[in-house]
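Since the structure comes first, as structure tokens, the remarks are kept for the end.
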Ligand SMILES: Cc1cc2nc3c(=O)[nH]c(=O)nc-3n(C[C@H](O)[C@H](O)[C@H](O)COP(=O)(O)OP(=O)(O)OC[C@H]3O[C@@H](n4cnc5c(N)ncnc54)[C@H](O)[C@@H]3O)c2cc1C
């Protein structure tokens, strides 16, 4: 079977690896616009902050003669009648099945002077790929000030990253409060105070209207309220848009993304599939890597098991109460802990009986709110408290019953009465999902440790746990430590063993 995959990012590369591993007859051509090997895009903000080396982002893949990878080559058009893709060098690639994994593009807001016919003004960037990260890093030594536009999760990560590199950062946000989709007024204020202590000034209810240049490079920005601000750098974190250009040009139905059914096939062409950020499945796209990786696995499974076109419907994440255990949002920033799950910020009560308890201490940058319904934690917001965040996210994702008085959910971790990591992992059921990005259960990790994996990296190689956002690596370390203490003779060697918190459990 001749398969062409367009896009060699996080999802396209995962799909190709899984497909050739499962189907001995598959012959795959992959067209990848980027010059790099596939890499972990999720950690790019950590690269900008200097905490992660760009070289360590490479995603594991096993080369095989049945996969032809064209790096730095774009697909230019799709001819569905002839069943071939034409690339930017003019080469034709015939296919029996075509998989679109073109991802998404950073949204560039309509700011006057931000770009010209040669691209973005020097000093202005987005953070979508490794080249963007290198460009930002290269500008840091000459820069004293930076403006970050957009105070969503990525905006906060970039702003704190640049501040930790010594820049005076202004975070500009159109809404009245930062992270308005996840945080309510009080939590946003506490977060704003914590950002100030890290060297980030937050300005809300305004946006950047003009990028002003001196000698061809950014020198200042003018905000919509007329304020001018000197700056050496502008990083736009204003959201992403699924990359549908090729699919549209080929006459495939597209809305926000490339429309696909539950089988991941286009309703207009049973030979064409879309997965990852570019796809718009019936349940909607999340823009998160876990969804794309699940789609890649599901499509390979269905091709391998039936040989027919499409995949089964995606697994149902929500329970009867509409609780989605995967709905945990974490800001990956040095010196700033913000985690929300389920109901947070301004949410609709609907028909449910909800009880919310909160503790706010702006002086030390701490805010904790829990929302309980029918004996379960259905939402929480935690700013500035790692221990509370790890306890609550463990309760939320495992849907554990909460104490009769929900105040204990807040007080217990604050009083240092949280369960130690070893107890917490020992209490998890084998089917508990430890790695949300790759859907890896505790049972699979324990089995890998039993098979001789002695470090977090060993477990990652064997199961893929920890290779996405990396939040679960401390849990994996705790599982290895528990196993080592139960089997003292077994080898274990890992720096992450000492990780104190159960982030992401
Ligand atoms: C800075 C940052 C932080 C993030 N943080 C998180 C996080 O914490 N958690 C999380 O779950 N997700 C996060 N994400 C989102 C996550 O990275 C994406 O969900 C994931 O990368 C989607 O994979 P994909 O393969 O669909 O798209 P991508 O990884 O974007 O890959 C698409 C590839 O297709 C290529 N391409 C496009 N058009 C063509 C063409 N015509 N021809 C050839 N190649 C083409 C692109 O160049 C790109 O290499 C983050 C993203 C960014 C940028």
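Taking the DSSP bridge list for the range 115-238 and keeping only pairs wholly inside it, about 40 percent are antiparallel.
Would the range 171-261 count as rounded, prolate or oblate if I go by the C-alpha gyration tensor, calling it rounded below 1.5 in a/c and otherwise prolate when a/b exceeds b/c, oblate otherwise? Note, shape of the range 171-261 comes out oblate.
Placing R0 at 35 angstrom, the Cβ-Cβ distance between residue 79 and residue 36 gives a FRET efficiency of 0.80 after rounding to 0.05. Counting 0.36 nm for each residue step from residue 225 to residue 412 and taking away their Cα separation leaves a gain of 62.8 nm. Between the beta carbons of residue 62 and residue 255, assuming R0 = 56 Å, the FRET efficiency works out to 0.95 to the nearest 0.05. Over the chain, DSSP H runs of length four or greater, each weighted -39,500 (n - 2.57), average out per residue to a 222 nm ellipticity of -8000 deg cm²/dmol. The range 239-286 and the range 12-48 have Cα centres separated by 19 Å.
Rounded if a/c is under 1.5, else prolate if a/b beats b/c, else oblate: with a ≥ b ≥ c from the C-alpha gyration tensor eigenvalues square-rooted, which is the range 99-243?
It comes out rounded by the Cα gyration axes.
Provide the FRET efficiency to the nearest 0.05 for the residue 138-residue 404 pair, computing r from the beta carbons and using R0 = 51 Å.
In this case the efficiency is close to 0.35.
Among 373, 56, the order by Cβ neighbours within 10 angstrom, fewest to most, reads 56, 373. Working value for the chain: equivalent-ellipsoid semi-axes of 35, 32, 22 Å, each the square root of 5 times a Cα gyration tensor eigenvalue, largest first. Among 211-218, 222-229, 182-189, the peptide with the highest mean count of other Cβ atoms within 10 Å heads the list, and the full ranking is 182-189, 211-218, 222-229. Taking the fewest neighbouring Cβ atoms within 10 Å as the starting point, the ordered list for 396, 39 is 39, 396.
Beta-bridge orientation, the chain: approximately 60 percent antiparallel, per DSSP, counting only bridges with both partners inside.
Bear in mind these aren't lab numbers, they're just calculated from the coordinates by the rules spelled out. Values in this document were obtained by computation on a predicted structure and should not be read as measured data. For neighbour counting, all protein chains shown are included, and Cβ atoms are generated from backbone atoms with ideal geometry for every residue, glycine included.
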